[in-house]
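These notes are about the structure you will find just below.
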Amino acid sequence: MRVDQVSHRYGRGADAVTALGPVDLAVPPGEFLVLAGASGCGKSTLLRLIAGFETATEGRIEVSGTAPVPGRTSGLVFQQPRLFPWQSVGGNVDLALKYAGVPRDRRAERREELLRRVGLDGTSGRKIWEISGGQQQRVAIARALAADTSLLLLDEPFAALDALTRERLQEDLRRVGTESGRTAVFVTHSADEAAFLGSRVVVLTKRPGRVALDLPIALPRTGVDPDDLRVSPEYLALRREVALAVKSAAA
């Protein structure tokens, strides 16, 4: 994915507000990029541009060499799960597989594979109101993985969850991201989340959002216990660096 001299404004004339940019980013395949910063810095705006929901006022974005198209060039997980309550867990995933063009006779196998990947074995027949908020967000992640896209976009998907559920889902997403090999862009305002999840963290300044810090995260992504990782000196130092950058960029 490439973000080339991208700026974005809302409104016209004297009422125009520049929300973002200019921003330049080159994201190689398989990278887990975290966009961090205070509220209003343009993180979600940039994510919407990458998803293709909006078109940049200036500059260009390319995903796998083409302009982004909603639902085709990336899978997206929102802050709220946005599941269909009249469908079962499996039904929600089946709908995503249908729109992704997966043949009917392959959907059941693929559905169960996706639910296993996000830790929801045996839940296919359950109704949405019968599962917890954390489980609902897992279904949303499985649904986003249903499409055969190279890019996964996540807009603060764990913000509304309690601390313990959030940590567990962070661990699961870190594993899923590594196993799937997909490029991911994750938006958060949390330095803890950024340092734990990312293989790279980009901190944006206050509006208009520009790159204040572009930090590679050289923490192991396999073969380490998450609890051990969270108390390691390397993680604590990175978390502090990100937190200080977010605070400074918002000043």
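The table below lists the values:
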quantity: For A147: the one exception among (1) touching a Phe, Trp or Tyr at 6+ places or on another chain (Cβ under 8 Å); (2) modelled with pLDDT of 90 or more; calculated: (2)
quantity: Hits in the range 225-250 (condition: in a loop (DSSP other than H, G, I, E, B) and either open to solvent by 90 Å² or more (accessible area, probe 1.4 Å) or of a type outside the set (G, A, S) (or both)); calculated: D225, V231
quantity: Residue within the range 73-93 that is buried (at least 16 other Cβ atoms within 10 Å of the Cβ), more than 16 Å from the chain's Cα centre (by Cα), free of Cβ contacts under 8 Å to residues at least 12 places away in the same chain and not in a loop (DSSP other than H, G, I, E, B) present; calculated: yes
quantity: Of all residues making up the range 113-122, the number that are on the phi < 0 side of the Ramachandran plot, touching a helix residue (DSSP H, G or I) at 6+ places or on another chain (Cβ under 8 Å) and open to solvent by 10 Å² or more (accessible area, probe 1.4 Å); calculated: 2
quantity: Any hit, the range 141-151, residues being closer than 27 Å to R48 by Cα, of a type in the set (G, A, S) and surrounded by fewer than 18 Cβ atoms within 10 Å (Cβ to Cβ); calculated: yes
quantity: Within the range 207-224, considering residues that are touching a strand residue (DSSP E or B) at 6+ places or on another chain (Cβ under 9 Å) and of a type outside the set (A, V, I, L, M, F, W, C), the one surrounded by the most Cβ atoms within 10 Å (Cβ to Cβ); calculated: G209
quantity: Hits in the range 29-63 (condition: within 19 Å of V203 (Cα to Cα) and without any contact (Cβ under 8 Å) to a residue 24 or more places away in the chain); calculated: R48
quantity: Which numbered condition R12 fails, given (1) out of contact with any His (no Cβ under 9 Å at 6 or more places or on another chain); (2) surrounded by 15 or more Cβ atoms within 10 Å (Cβ to Cβ); calculated: (2)
quantity: Subset tally (residues that are open to solvent by less than 20 Å² (accessible area, probe 1.4 Å) and either assigned to a loop (DSSP other than H, G, I, E, B) or modelled with pLDDT of 95 or more (or both)) for the range 53-67; calculated: 1
quantity: Number of the condition not met by K206 [criteria: (1) charged (D, E, K, R); (2) in a helix (DSSP H, G or I); (3) more than 17 Å from E167 (Cβ to Cβ)]; calculated: (2)
quantity: Which listed residue is in contact (Cβ under 8 Å) with a residue 40 or more places away in the chain, under 26 Å from L229 (Cα atoms) and surrounded by fewer than 19 Cβ atoms within 10 Å (Cβ to Cβ), from A159, A195; calculated: A159
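The values are calculated or read from the model by the stated rules, or taken from the named source; none is laboratory data. Note that the structure is predicted; figures quoted are calculated from it, not measured. So basically every Cβ, Gly included, is an ideal-geometry build from the backbone, and we count neighbours across all protein chains shown. Just so you know, the surface numbers come from the protein's heavy atoms only, side chains and all, with ligands and any DNA or RNA stripped out. Shrake-Rupley method; radii C 1.70, N 1.55, O 1.52, S 1.80 Å.
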